[in-house]
Amino acid sequence: MDSKNQLQHQSTYLALILLLGASLVCEATSRTSLEDASMYERHRQWMSKFGRVYSDNNERHKRFNIFRQNVALIDSFNNANNKPYNLAVNQFADLTNEEFTASRNGFKGHMCSNKATPFIYENITALPSTVDWRTKGAVTPIKDQGQCGCCWAFSAVAAMEGVTKLTTGTLISLSEQELVDCDTKGEDQGCQGGLMDDAFQFIQKNKGLTTESNYPYKGVDGTCNTNEESNHAATINGFQDVPANSEDALQKAVANQPVSVAIDASGFEFQFYSSGVFTGSCGTQLDHGVTAVGYGKDDDGTKYWLVKNSWGSSWGEQGYIRMQRDVDAKEGLCGIAMQASFPTA
Ligand SMILES: *[C@@H]1O[C@H](CO)[C@@H](O)[C@H](O)[C@H]1NC(C)=O
């Protein structure tokens, strides 16, 4: 082989390697862009399902990337199939967990401690094995707090709607917005957070609360409508704290009426909970107010609390979550037994 020939040979070889390399890169790119294309299509369908519109292409690109990451985690959680509950690509799928919790979880409870108060249900012994206040007509349809951290108002109002039904026989949907706008002289700060006990205190002092239809929900802080503030559709005469860190005590209370509970709802799995009995993971940094409207036992024997949330009915089980009950930790799952309370009427 002369040197010219050898050079030719070498360059053919080089070209071949380059070609091979290029085709490998090419294949990898096309696989990624296929995945991208189908994820892009999934995002597009999700946007149309939940009526999401972005201001510009930058925002859309940013949201698409968050969506893609969430979907990957949700799919891998569901595919692992090793928990008694499932996640879903719900309406919160284009929000990071930080964004999500910042705009919704406005329970300020970890700042204060429960004092010991009387507990009217302490000596109750005969407890039904299953309770569902929805079947007794004591629970209004699922509401949606939107991007306002006033979960505390929704939690307190749901508990008050329950006790009102049980004492008067009438279920009336009551106003969260009145609490957001008017209960501003104490700890409660509308969309910036508050406490269910303080809401009960305000309602007691104000001698009642008006209806949802008289004072509809807006999802932003507003000026108190004093006419509606003095229009009382229902009233309470006080509230009680459930003895802390006892799921037994909580069960006694929930057996008798819907109860406001504070939980740690900050986890990714809570954000995307879809169905089944939620068993965590979660901590006990209480940041969200919800309402326990029953309890029971799943077919496989797992005991649960039936909890009404305020994130609309496309989250969870039509707006509800079943959370594991009687766990080893005395605080209960996600701290559910730490700061429960209920209004008295
Ligand atoms: C529960 O029983 C104890 C002991 O008999 C009694 O002192 C207490 O007042 C009872 N509590 C209620 C709420 O009835």
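The values are calculated or read from the model by the stated rules, or taken from the named source; none is laboratory data. Because the structure is a prediction, the values reported are computed rather than measured. Reconstructed Cβ throughout: ideal geometry from the backbone, glycine too, with neighbour counts over all protein chains shown.
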Report summary line: By residue number, the members of the range 220-241 that are under 21 Å from Q192 (Cα atoms) and either in contact with a Leu (Cβ under 6 Å, 6 or more places away or on another chain) or among the small types (G, A, S) (or both) are G222
Requested in this report: Determine which single condition N79 fails, assuming it passes every other condition in (1) of a type outside the set (S, T, Y); (2) within 20 Å of G280 (Cα to Cα); (3) touching a helix residue (DSSP H, G or I) at 6+ places or on another chain (Cβ under 8 Å).
Outcome: (3)
Query raised in the report: Among the residues of the range 317-324, is there at least one that is surrounded by fewer than 17 Cβ atoms within 10 Å (Cβ to Cβ) and modelled with pLDDT under 95?
Result: no
Report summary line: All conditions in (1) surrounded by 19 or more Cβ atoms within 10 Å (Cβ to Cβ); (2) under 11 Å from the mean Cα position of the chain (by Cα); (3) not basic (K, R) are true of S260 except (2)
